[in-house]
Amino acid sequence: MSSHSINSRTVLLLIDLQNAIDHPSWGNRNNPDAEAQIGRLLMLWRERVWPVWHVRHDSTDSSSHYRPGQPGNDFKTAFAPLPSEPIIAKRTNSAFVGTDLEARLRAGGHESVVVAGVITNNSIKATVRMGGNLGFEMILVADGCYSFGRKDWNGKEWNAEGVHALPLANLDGEYCRVIRASEILDVTR
């Protein structure tokens with residue numbers, strides 16, 4: 001990791017850390033320690049008074065637990081934004097679509113973004129890919145996100161670890177750098 005990557009201008013972007021993600025309908029997930037890793041990063045950013053931005057998914061699907069007005073739309077207590085921390089409300093899987101995220105990053109001179117949250121193969125992947133395409137240095141925390149098991153187009157069941165690992169492999173090197181939370185914590189000591 002280059003020395004300029006993680007510094008006081010690096011945004012910690014926390015994606016969709018809302019109560020809806022804990023609904024049992026999602027099924028089994030991988031990386032049960034993701035919240036602990038995200039919490040370590042959040043503590044570091046807040047101690048250093050570095051920029052922490054929260055993405056909130058406001059689903060337009062009437063059956064979604066992420067729909068505004070539902071308890072699932074609320075941020076998880078451990079990741080509730082402080083009054084000084086911006087909230088970017090999105091309605092699609094990418095935090096760049098239909099939001100002012102790109103404009104905020106450019107206006108603040110933020111060239112690098114550390115991404116953590118949910119779901120690796122959905123909102124994480126879409127946001128990281130678009131951020132990389134827009135020229136931002138995207139840094140994805142592999143152990144700071146997670147996925148759920150899925151059935152593919154051919155009907156084959158994939159476990160959550162496989163569903164999580166494939167987007168990491170697809171994104172790394174082309175759209176972002178995939179690293180572990182400990183690597184960030186070690187570099188910033």
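When the dipole is taken about the Cα centre of segment 26-78, and only Lys, Arg (+1) and Asp, Glu (-1) are charged at their Cβ, what size is it in debye, to the nearest 20?
Working: 7 positive and 6 negative charges, 27 e Å.
Here segment 26-78 has a charge dipole of around 140 debye.
Cα to Cα, under 19 Å, and not fewer than 8 places away if on the same chain: which lysines meet these conditions relative to K151?
Within reach: K125.
Which one of A20, I6, L44 has its Cα pushed farthest toward the positive end of the charge dipole of segment 1-54, where Lys and Arg give +1 and Asp and Glu give -1 at the Cβ?
I6
Under 20 Å from the 7 Å Cα→Cβ point of W26, by amide nitrogen: which residues of segment 45-62?
Inside the label zone: 53-62.
Share of segment 29-162's accessible area from carbon and sulfur, percent, 1.4 Å? Write out the running numbers ahead of the final one.
Details: 3260 of 6420 Å².
So the carbon and sulfur contribution to the accessible surface is 51 percent.
Treating only the Cβ atoms of Lys and Arg (+1) and Asp and Glu (-1) as charged, compute the dipole magnitude of the chain about its Cα centre; round to the nearest 20 debye. Before the final figure, lay out each step's value.
Values: 20 positive and 21 negative charges, 39 e Å.
The calculated dipole for the chain is roughly 180 debye.
Label R150 and T77 with points 7 Å out from Cα along Cα→Cβ: what is the distance between them in nm?
Rounded to a tenth, the inter-label distance reads 3.2 nm.
E47 to S62: extension gain in nm, 0.36 nm per residue of separation minus the Cα-Cα distance?
Numbers: separation 15, 0.36 × 15 = 5.40 nm, distance 3.87 nm.
Taking E47 through S62 to full extension adds about 1.5 nm, to one decimal.
Figure the gain on full extension for E174 and D186 (residue separation times 0.36 nm, minus the Cα-Cα span) and round it to one decimal in nm.
Details: separation 12, 0.36 × 12 = 4.32 nm, distance 2.39 nm.
In short, 1.9 nm is gained.
The values are calculated or read from the model by the stated rules, or taken from the named source; none is laboratory data. All values derive from a computational prediction rather than experimental measurement. Virtual Cβ from ideal backbone geometry, glycine too; neighbours counted across all protein chains shown. Keep in mind that these areas ignore ligands, DNA and RNA; they rest on the heavy atoms of the full protein, side chains included. Shrake-Rupley method; radii C 1.70, N 1.55, O 1.52, S 1.80 Å.
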